[in-house]
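Here the structure comes first, spelled out in structure tokens, and everything after it is commentary.
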Amino acid sequence: MVSLVINGQRISAAPGTTILEAAREAGIEIPHLCYHPAFPPVGTCRLCAVEIEGLPKLEPACSTNVKEGMVVRTESPRVVEARRNVLELLLAEHAMDCPICDKAGECRLQDTYQAYSLAPGVYAEDKTRRGKKIALGGGLLLDRERCVLCTRCVRFLESVTKTSELGVFERGDRSEIGCVEGRLVDNNYSGCLAEICPVGAITDSDFRFKTRAWFLEARETICPLCGRGCAVFLESHPGFPRVPGTAKAYRVRSRRDERVNGHWICNVGRYGYGYLEKSRCRELAGPLAKTLNLKAATDVVAPLAAELRALKYKGRQTRVAVVLSDWLTNEELFLAGAVFRRDLEIGRCHLVGPRDGSPDGMLLTAERSPNRAGAKALGFNTEETTLEALARDTDLLIVFGPFLQDRFRPADIASAWAGVKTKVLFTPRDEGLGAAFDLVVPTVWPAEKDGSFTNCQGLIRSFSPALAPPPSAVPEWRLLTALGRAVGLNPSFYIPFRSAGDVRRAMP
Amino acid sequence: MNREDELFLTRDFGLDHLHRLETYVSRGGYRAAAKALKTMTPDAVLEEVKAANLRGRGGAGFPAGIKWGFVPRGTDALRYLCVNADEGEPGTFKDRFLMSHNPHLLLEGAILASYAVGIRTAYVYIRGEYESIARRLETAVSEARASGWLGDHIAGTGFGLEVFVHRGAGAYICGEETALLESLEGKRGHPRLKPPFPASIGLFRCPTVINNVETLCHIPGIIRHGAEAFLKRGLPRDGGTRIFSVSGAVARPGCYELPTGSSLRELIYERAGGVRDGRKLKAVIPGGLSAPMLTENEIDVRMDGDSLVEAGSMLGSGAVIVIDDETPMTLVLEKITKFYAHESCGQCTPCRVGTAWMARIAARLRAGRRRNGDVDTLHRLASGIKGRTLCPMGDAAALPVLALVAKFRDELERSS
Amino acid sequence: MSHNIPDRVKRRVEDILSRYPRREAALLPVLSALQEERGFLSHSDEEWAADTLGIPPAKVREVVTFYSLFRRKPAGRHHLQVCTNVSCALNGADGLLSHLRKKLGIAEGETSADGRFSLSSVECLGHCDEAPCLMVNDEHYGRLDRRALDELLEKLE
């Protein structure tokens, strides 16, 4: 380890660490634009210049390695003067349209200017007019009047996707980011460009003008849209109390996890969050709800438990079929295993998840479920089943998850299952499938619950709710715990489970 | 010292056809290469060049022998020589002069440098505007190859070298050695971060020596006549002669080869015939456009690196631009700032934005549209560029402006 | 690629490629060879270079637009490049440039209607001893005044 002093604070860092990274580790943030931890430093924005005792010039912290005994100052008058100077230059030709810029509130340039400068501009020359709405492909728009030429976007496409759709064209102050005619940005990671742009030069039409960054709450979660399970932030608006429907998710951003996704997420995960709202199952429904006068999702537990218990006592548990999904958490699958397989000794527990897609060779896997590996590890059969097999000699069919329609046509489901006496669907989404069921119970999406997934690498990671579910929706683990208790074959087993964490601790 | 002195690069430049191999050989050409390859070890060549205190003639003035010494030795790893013939510093034309008159001298220097460092491939990076010189060099390369002075087994020894002429395409910045490497690799001429230095990671990620044309042209003389003789032609810490490109408002613009440390006044008044049309000297840029200018009362200075630094300027490429008393300084300022704004690679903020901003102010001053505070802004911008860019171009752009503002502030502030 | 590249250019490109250990390094000379054919680099020239050298097209465009000798628009048969840097300016370069503007009726960056001349102002050409100087295509001309320039233009068909 190398020992050095930054702003009077003694710090030790691994040899080969840059000053910027060592400082960051120690909680000292050095302003920067072009530096990004995913790329080798280029040292071009010059915002991170710091004073190093014994050296005549300021040196870029992003590209200067720590040395034993080094004394660094990141906030000295010389450093701050230079920083202001760079800010003045960057802002001289900058668009200054922060009031209508999507990046406002999370803009590195704006933040640094507010922290260090707040100097009025003295630039008295005519500003160069540059393109403000250049379509880059992938729904991205480039505003060259906002661009600071940090080249993060170019370097991302060069080193991460290796597609190099963007380049720096022309030179000097005529330099501009661009792509070649007919060769727009076209890859499954293009959404990262708007995210890594430190200013509002690249904006994303998915987010453009929809809300302001400062309204959003960013919560950690795991992307459920494939087996990778990338670490993400789900950003949502808490909603205006008197305006219904304003609380909703606006954006998914990548969250650094070196074991899984590094700094990036794919477009499927970034833009796929629409499922959270689309055809959302919000209320208990189905003819049986009326008959039995059920009001809330949890009201389902008692009659269902009674039915299951009755079948079990008659030794007719073979007339029950259960469909689970690999979107359920490890805890839920564990509970389902305990209730249906261990306690009730139901043999037919099948897994139906979304159909596989094509993997992209980077993060996106073929399976479009977050927990196939977890389901396998818990001993669930992930092989395909048929509607007929599920309906054969079946009186009670319990389905968890909204993915039947990915595999079967709704009309086929209705006709194949017409002879099944009772069909119950637990789902966060209802796309017209509910009509085939006697009871439809609203549940929650992974982003709205506690739990853990085992990703395609075998990593088990837990998560907490990042979003509030619809008021009447209940997480599956809670329903399964209640069901286990109500079935009464092994009630004490379920009593301690007051949270998903409790379940996790009980798991082998 | 007379012009017949064999250590003068330009000694034979009066001869017709010196650029042809036969003529060059008849005047002693390739004897240094033969001597080195047959009788000296690579280390001995390196030591001789180190002892000669041959400072680089491209602009930075770094000792060539020390630069060569930085290349890791004792491995078979690929190494490259890049000859920097991207002569772009305004006012400089000495490398063109050398290459057009005596391309074989450069090739012989390249052979010696390569032998000393263990290099088998050399690229001459020549600016694209020198197309006719590039062709002349290519002819010289073919001649040398045909006569066994290039290729495998040079002079019947086990040493071999291939030389390729690589044309630039119009970018001043490619004279900066790491930008040159980027350009030679087929990319934009963006200077690289240092370290690593080219001697350890250079062209195609291999150890690389980059020398200016004039620097390499001195090597044959040093090897033939020894470091001691070379040192006698210049100063102890800065050996040999230098070719000064003199232009601007002088009676006889041209290249003049003088011992390092000769007087600037003498160069202007005795060699270049003084200021043209009987005008007076107003200022002199002594080392290429990037060098801070000197005024009439500052020109009694010796033309060597240390003396010019002491005088507040720099020797740079040894290009002397004389400005006469009828030239408005707004014109000079406009041309200087326009040049750097045009040539900035655009990578780093201070240079990209600062040079363009200065050029806009200068253009207004020149057009008589001065605003209050313009000169202060110029000074502030130049100060903000100086020492704060990734490559030396920031200083190159800032220093001449700072000098001009310091020495001609009154004139600039009177302009309207 | 449907782009028609003459065989002599392809042979030249092969020769250029033989000088470098990596294909991408040949980009500048290959682009120069392509530009020599028609006086400028078209989009399809860029694509051909990208394809031949295994470089993404955006990287080729980066290079084409960085270097001032590459042109993406046709120039005149005689491309007049007037140096306006200090040494030439001290010897009347600005006057020569405005003379050319008036005489040819075109500004910098433009081409005369008959396609004979195009004009640009450039930075130091390294011929300061012959200031003021200009380059017509690859050839240098120095020590020019208006009359010498007029005579030169006469000779350029």
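The values are calculated or read from the model by the stated rules, or taken from the named source; none is laboratory data. The model shown is predicted, which means the values in this text are computed figures rather than measured ones. Because the Cβ atoms are built from the backbone with ideal geometry, glycine has one as well, and the counts that use them run over all protein chains shown. In case anyone asks, the SASA skips ligands and DNA or RNA and just uses the protein heavy atoms, side chains included. Shrake-Rupley method; radii C 1.70, N 1.55, O 1.52, S 1.80 Å.
Specify the angular offset, from 0 to 90 degrees and rounded to the nearest 10, of the alpha carbon long axis of helix B:374-385 from the longest principal axis of the alpha carbons in chain B.
Tilt of helix B:374-385: around 30 degrees.
Could you look at region C:7-66 and say what percent of its accessible area is carbon and sulfur, using a 1.4 Å probe and all protein chains?
Answer for region C:7-66: carbon and sulfur cover 44 percent of the accessible area.
List the lysines whose alpha-carbon lies under 23 Å from that of A:Lys132, not counting same-chain residues fewer than 8 positions away?
Counting by Cα, and skipping residues close in sequence, A:Lys132 has these lysines nearby: A:Lys103, A:Lys210, C:Lys59.
Convex hull over the Cα atoms of region B:244-324, averaged projected area in nm²?
Its Cα hull, projected and averaged over all orientations, spans 4.2 nm².
Rounded to the nearest 5, what % of DSSP beta bridges with both residues in the protein assembly as shown are antiparallel?
The answer is about 55 percent antiparallel.
Tell me which residues come under 5 Å, amide H to amide H, from A:Val474 once H is placed; ignore anything under 5 positions away on its chain.
The list, which skips near neighbours in sequence, is A:Thr443, A:Val444.
Work out Dmax and Rg for chain A from the C-alpha atoms and quote the Rg first, both in angstrom.
Rg then Dmax for chain A, in Å: 27.6, 90.
Please give every one of the lysines within straight-line cross-link reach of A:Lys67, meaning a C-alpha to C-alpha distance under 20 Å, and leave out same-chain neighbours fewer than 8 residues apart.
A:Lys57, B:Lys194
Restricting things to Cα coordinates, could you compute the convex hull volume per residue of the protein assembly as shown in Å³?
210 Å³
Cα centroids of region A:487-505 and region A:241-263: how far apart, whole angstrom?
Each part's Cα centre sits 31 Å from the other's.
Can you run phi through the Karplus equation (6.51, -1.76, 1.60; θ = phi - 60°) for region A:256-265 and list ³J(HN,Hα) in whole Hz, with x for Gly and Pro?
5, 8, 4, 6, 10, 10, x, 9, 10, 9
Anything losing 20 Å² or more of accessible area from the isolated chain to the full protein assembly: pick those residues out of region C:55-75, probe 1.4 Å, ligands and DNA/RNA ignored.
Listed in order, they are C:Pro56, C:Pro57, C:Ala58, C:Lys59, C:Arg61, C:Glu62, C:Val63, C:Thr65, C:Phe66, C:Tyr67, C:Ser68, C:Leu69.
Modelling each spin label as a point 7 Å along the Cα-to-Cβ direction, I'd like the A:Thr382/A:Ala302 distance in nm, to one decimal.
3.9 nm
Rounded to the nearest 5, what is the percent of antiparallel bridges among the DSSP beta bridges in chain A?
Close to 65 percent.
Per DSSP H run of at least 4 residues, take -39500 (n - 2.57); add these up for chain A, divide by its residues and hand me the 222 nm value, nearest 500 deg cm²/dmol.
Calculated from helices alone, the mean residue ellipticity at 222 nm is -6500 deg cm²/dmol.
Given a 1.4 angstrom probe, I'd like the percentage of the accessible area of chain B that is carbon and sulfur, rounded to a whole number.
50 percent
Mind checking which lysines have their C-alpha under 20 Å from A:Lys290, skipping anything on the same chain fewer than 8 residues away?
Within the straight-line cut-off, A:Lys290 pairs with A:Lys421, A:Lys423.
With no solvent and one equal point scatterer placed on each C-alpha of region A:345-479, evaluate the Debye formula and give log10 I(q)/I(0) for q = 0.16, 0.21, 0.23 Å⁻¹, two decimals.
Cα-only, vacuum Debye calculation for region A:345-479: -0.96, -1.46, -1.55.
Before we go on, tell me the buried accessible area for the C/B pair, both chains summed, 1.4 Å probe, in Å² to the nearest 100.
Separately minus together, C and B give about 3600 Å² buried.
Please go through region B:317-416 and write out the GluC sites (Glu not before Pro) that DSSP classes as loop and that have at most 16 other C-beta atoms within 10 Å.
B:Glu326
Using a 10 Å cut-off on Cβ to Cβ distances, tally the other chain neighbours for every residue of C:113-125 and report the average as a whole number.
Per residue, the number of nearby Cβ atoms from other chains is 3 on average.
Using only Cα atoms, tell me the angle between helix B:131-146 and the longest principal axis of chain B; keep it within 0 to 90° and round to the nearest 10.
In chain B, helix B:131-146 runs at an angle near 10 degrees to the longest axis.
How many angstrom lie between the C-alpha centres of region A:52-98 and region B:144-204?
34 Å
What translational diffusion coefficient, in µm²/s and rounded to a whole number, does the Stokes-Einstein relation yield for region C:7-66 at 4 °C and a viscosity of 1.567 mPa s, taking the hydrodynamic radius as the Kirkwood radius over Cα pairs?
Approximately 115 µm²/s, per Stokes-Einstein.
Could you tell me the distance between the Cα centroids of region A:453-483 and region B:25-102, to the nearest Å?
Measuring centre to centre over Cα atoms gives 71 Å.
Taking the 0 to 90 degree range and rounding to the nearest ten, how far is the long axis of helix B:329-343 tilted relative to the main principal axis of chain B, both from C-alpha atoms?
Between helix and principal axis, roughly 50 degrees.
With a 4.7 Å Cβ cut-off, tell me which Cys residues in chain C come up empty for a partner.
C:Cys124, C:Cys128, C:Cys133
Taking only C-alpha pairs under 8 Å that are 6+ residues apart, what is the relative contact order of region A:2-92 in percent?
34 percent
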